[in-house]
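Student: My questions will all concern the structure given below.
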Amino acid sequence: MHSLCSKKYHRFVVLPGRCKIIKVNMKKEPPNIDIYKAWCKGCGICAAFCPAKVLARDEAGYPYVKDAEKCINCGWCEMRCPDFAITVSKKSTNENKPGEYLEKE
């Protein structure tokens, strides 16, 4: 068995028989969500299919990003948009990816 010591954004896993602590980055960066209003006809399909309710519609019916932190990067909004007016892409960072292991002495 291994013991876990959780922190806000990282989890430290101590493996049996090893003297090293392995640091796992648990921080999730929200993706970039771009909405091309010139292509959008305001049908609301993207907001309706979003399982995390990240997208909402304004007074005119056009979608906007309500809470990017909740995005689970499923891509349903992008797949369901009939006008290809929305894209979801991961942010590029120099940090290690979530779940990537870094060994520390």
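Read-outs throughout are calculated quantities, based only on the coordinates presented, and are distinct from any laboratory measurement. Everything numeric here is computed off the predicted structure, so don't read it as measured data. So basically every Cβ, Gly included, is an ideal-geometry build from the backbone, and we count neighbours across all protein chains shown.
Student: Condition first: crowded, with 17+ Cβ neighbours inside 10 Å and part of a strand (DSSP E or B). Now tell me which residues in segment 66-87 satisfy that.
Tutor: Ile86
Student: Hey, any hits in segment 29-40 for a residue that's charged (D, E, K, R) and under 13 Å from the mean Cα position of the chain (by Cα)?
Tutor: Here is the first cut: in segment 29-40, the residues charged (D, E, K, R) are 29, 34, 37.
Cutting the leftovers down to under 13 Å from the mean Cα position of the chain (by Cα) gives us 29.
Within segment 29-40, one or more residues are charged (D, E, K, R) and under 13 Å from the mean Cα position of the chain (by Cα).
Student: For segment 32-49, how many residues meet the condition of being among the aromatic types (Phe, Trp, Tyr) and either closer than 20 Å to Ile72 by Cβ or in a strand (DSSP E or B) (or both)?
Tutor: 1
Student: Output the number of residues of segment 45-75 satisfying the condition of being of a type outside the set (A, V, I, L, M) and either touching a Pro at 6+ places or on another chain (Cβ under 7 Å) or in contact (Cβ under 8 Å) with a residue 60 or more places away in the chain (or both).
Tutor: Start the filter on segment 45-75 by keeping residues that are of a type outside the set (A, V, I, L, M), which leaves 46, 49-51, 53, 57-59, 61-64, 66-67, 69-71, 73-75.
Narrowing the set further to residues that are either touching a Pro at 6+ places or on another chain (Cβ under 7 Å) or in contact (Cβ under 8 Å) with a residue 60 or more places away in the chain (or both) leaves 46, 57, 69, 71, 73-74.
Final tally of qualifying residues: 6.
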